[in-house]
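Derivation of every value follows stated rules applied to the coordinates shown; laboratory data play no part. Predicted model, so just to flag it, every value in this text is computed and none were measured. Virtual Cβ from ideal backbone geometry, glycine too; neighbours counted across all protein chains shown.
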C-alpha cells in the first residue's frame with residue numbers, strides 16, 4: 001500500500017511495530033505461548049473456577065519444562081534467550097489438554 005504524507009509515516013511505523021512484535025513472539029517459548037492462547041480463548045466461555053483450574057494446570061506444566069529453566073537464566077543473567085524447546089507436538093497437546101481440563105473440571 002502506498003500512502004503519501006503523514007499517513008505514510010504512520011503506516012511505516014505501524015509496519016515496524018508489527019514486525020517487532022512478531023519477531024518477539026516467534027522467538028518466545030512456544031508451549032507457554034500456545035497455552036496462553038488457549039486459556040485466553042477459553043477464559044470467557046467457562047466459569048471462573050474452571051478457568052483458575054486450567055491456569056493452575058498450565059503453570060504447573062510450564063514450570064517444570066525446559067523453557068522455564070531458560071527463562072530463569074535469561075532473567076538472572078540479563079541476556080537474550082539462546083533457545084526454547086521447539087516441539088510442534090507439544091503445542092497441539094497443550095491446547096487440547098487445556099480445553100479438556102476447562103470442560104471437565106468443576
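Data overview
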read-out: Length released on extending from residue 60 to residue 10, taking residue separation times 0.36 nm less the Cα-Cα span; value: 13.8 nm
read-out: Extension gain, residue 70 back to residue 20 (0.36 nm per residue minus Cα-Cα distance, nm); value: 15.8 nm
read-out: Cβ-based exposure ranking for 74, 26, in which fewest neighbours within 10 Å come first; value: 26, 74
